[in-house]
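One structure is given below, encoded as structure tokens.
Quick note: the coordinates plus some simple rules give every number you see, no bench work behind them. Not measured: the values here are computed from a predicted model. Note that we place each Cβ from the backbone using ideal geometry, even for glycine, and neighbour counts take in every protein chain shown.
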Amino acid sequence: MSKINDEALAVLRRGLGPTAAFRDGQLEAIRTLVEERGRLLVVQRTGWGKSAVYFVATRILRDKGAGPTVIVSPLLALMRDQIDAASKYLHAVTINSSNADAWEAIERDLAAGKVDVLLVSPERFNNPDFRSRLLPPLLRNIGLFVVDEAHCISDWGHDFRPDYRRIVAVLERIPYRVPVLCTTATANDRVVTDIRHQLGDEVTVKRGSLNRESLSLHAVKMPTIVERLAWLAERIPAMPGSGIVYCLTVSDTNRVADWLCANGIAAASYSGDTDSERRIELEGQLKANQLKVLAATSALGMGYDKPDLSFVIHYQSPDSPVAYYQQVGRAGRAVDSAEVVLLWSQRDEDIWRYFLETSLPIQWHAEQVVEYLETAGDWVGQREIELTVNMPSSRIAGLLKVLDVEGAIEKEHSKFRRTLRPWKFDTERIERVRDARLAEHQAMRDYATTTDCRMQFLRKSLDDTDATACGRCDNCAGKRYNRRPKKRTVGQALSFIRRRPIEIEPRKMWVGHRRGRITKPLETGRALCYLTDPGWGDQLLDSTSTGGPIDDELVLASAALINDWLPEFCGSVTYVPSSDDGDPVRDFATRLARHLGIRSVACLAKTRTTAPQGTKENSAQQLLNVDGAFTVVGNVPDGPILLVDDFVDSRWTLTVVGELLQAEGGGPVYPFTVGKTKG
């Protein structure tokens, strides 16, 4: 055994115990970094131990006098787990958006040579202060550079992030003979080729088997939301240990967690909307088995390590077999058997299409943004862009990031301006990526319906050439979750959806052409249903699609909800008027007031035609569309007002109408709508 082998094994056992041993390929990777000082791309299954490679290599390099290791890591949850793992060997710290109060102390420790590992997000390389002040001395003294979840570099990858492209420029500045390690569990041949192209042909690729022997894969067609909820309530209590239910949307994580809690199952929701402290708390509760289930989006994914996680269920189907493999890999790392279940239906594809359209830049959108910045000539913020360019804020933010990475624009603090660099939209590349995404959609359809081995299917999707039948999945073993949920549980799920409060949060700040805080915001409102909900949602869409009156059943349900919500309400009803004849909202408000036993007052009129709010893509455009479009034409009633509309989306119509009512002495104003578009 070589000296490096001895040193590496000693470091490993210092952290994991006297009987710890390297897995196949780990020691070889460490030698490549420590002895050859090479550039290495490691593609290995989840749970193989990629972090052990770079932490052990770091310890050996540091003991030989090398500088700190820099790890580029995409998610805060991943960083936290990496810091916990590194503490067995090293002093690891992170600079990220959630720990600004610690930056100064971290910088002092870096300068003093006390830091072994610095974890940063790819976005950090776009911070002007970090780039100009901290990065140059760091790169001059760097001992090892690690790109974790390296598939994010490739726009073929299932989780492409434009900021990862900045890493290529950083690599060009790393001194010769400083080793570089890129790691991922989810890279097929096309992604590997793209990474090698971007990082240099000198990158050595080490690939291992992607088989996960502990996982039993199942797929169950579950067409409706209520059936899925019922299935979860019936099946999860019988599953051993704790697990994750993955959802495609934030609202679904909340719905699933609330439903499971209502059925006596310890559950909570976790998503990109969850604040940092709460995320840490939830991750710890799941690890300690204080929670049976965490209902999560992909925000709980890469790098989260709970070795005894016993099941992963997908409430909806992900849009890529590569993404699916990555998420199911959370389970079964230190248990002999883990259940993995995909609940799927064709309706999942509506969400896939939405994600596809919002993730890829559209040519005329990109050209609009560039043209606006060229015309502006000086530094402008995203707020000004949104007033002129009608596209979603998230898409503008994404485009600005891509254009910045490509050098078409530059950023200083929160302002942007056009550079002198020529720029042309890369239509061919975007179409190639779109075609690849659509092929992934088809692959997930095929995975759900295949009669062949499911693990073999996933491994082949990642170009694992040694893929063979697993003998454990539903197709191999013949064990299936065929029993449908009980009608009683399905009925309870439908009642839960109909009874669950849907709040309309008041706007607090003006946007776009209006500035500052809203002086008299609305009260927190209610909606009867989401448009996507079974039952009321379907019924509302059927009513409104014909242009006729809203069903009496929806009026009665609305009255019952309002009586539960505001049992002491003693005010008046008014409504958001339309410029059309035969206004269905006026008719609905009149009937609703009659059932509530209070008066309906027509005190508003529409002064101009507005575009449907659904055609306005960002908040600034939506406010501009309706601001000044209404006026008071009668006496506004004193006291509380129930402000009624059919749908709520942006909340700006309710906000500007509520402002008018309160300016005339009415209020407080409680908004109520039959439907809510988002959710």
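Side notes on the structure shown:
- Fully extending the segment from Asp580 to Lys415 would add 55.2 nm, taking 0.36 nm per residue of separation and subtracting the current Cα-Cα distance.
- Working from label points 7 Å from Cα in the Cα-to-Cβ sense, the His197 to Asp463 distance is 1.1 nm.
- Dipole axis of the range 74-130 (+1 Lys, Arg; -1 Asp, Glu on Cβ), positive-most option in Ala100, Leu90, Leu118: Leu90
- For the range 3-207: rounded, prolate or oblate by the Cα gyration tensor [a/c cutoff 1.5]: rounded
- Take the Cβ atoms of Ala238 and Gln285, set R0 to 25 Å, and the FRET efficiency comes out at 0.70.
- Here the label points at Asp538 and Lys3, each 7 Å from Cα along the C-beta direction, are separated by 7.4 nm in the simple model.
- The Cβ shell under 15 Å around Leu286 holds other residues with a net charge of +2, Lys and Arg each +1, Asp and Glu each -1.
- Whether the range 116-210 is rounded, prolate or oblate, judged on the alpha carbon gyration tensor where a/c under 1.5 counts as rounded: prolate
- What the Cβ-Cβ distance of Asn563 and Thr590 gives, at R0 = 25 Å and to the nearest 0.05, is a FRET efficiency of 0.90.
- Local net charge near Pro521, Cβ-Cβ under 13 Å (Lys/Arg +1, Asp/Glu -1): +2
- Taking the chain and dividing mean pair separation by its residue count, relative contact order in percent (alpha carbons under 8 Å, at least six apart): 11
- With a Förster radius of 45 Å applied to the C-beta separation of Trp379 and Lys486, the computed FRET efficiency comes to 0.15.
- Between 0 and 90 degrees, the angle of helix 189-199 with respect to the longest Cα principal axis of the chain falls at about 70 degrees.
- Taking a Cβ cut-off of under 10 Å around Arg483, the surrounding Lys, Arg, Asp and Glu residues balance to a net charge of +3, with basic ones at +1 and acidic ones at -1.
- Estimated at 0.36 nm per residue, the fully extended path between Ala439 and Asp275 surpasses their Cα-Cα distance by 55.6 nm.
- When +1 charges are put on Lys and Arg Cβ atoms and -1 charges on Asp and Glu Cβ atoms, the dipole computed for the chain relative to its Cα centre reaches about 1520 debye.
- Stokes-Einstein D (µm²/s) once Rh is taken as the Kirkwood radius of the chain over alpha-carbon pairs, at 10 °C in 1.306 mPa s: 57
- Per residue, the chain reaches -12500 deg cm²/dmol at 222 nm when only DSSP H runs of four or more residues are counted, each adding -39500 (n - 2.57).
- Principal axes of the range 1-111: Cα extent on each, largest first, Å: 46, 31, 30
- Degrees separating the helix 250-262 axis from the principal Cα axis of the chain, which is the longest one: 80
- Residue exposure sequence - Cys529, Cys476, Cys470 - by fewest surrounding Cβ within 10 Å: Cys476, Cys470, Cys529
- Here the extension length gained between Tyr354 and Lys206 equals 49.7 nm, from 0.36 nm per residue of separation less the Cα-Cα distance.
- Rule-of-thumb Rg ratio for the range 362-424 [Cα; 2.2 N^0.38 Å; N residues]: 0.96
- Distance in nm between pseudo-label sites at Ser394 and Glu172 (7 Å out along the Cβ direction from Cα): 3.2
- Dimensionless Rg over Rh [the range 501-676; C-alpha; Kirkwood]: 0.93
- Helix 348-359 axis, angle to the chain major axis (alpha carbon atoms, nearest 10°): 80
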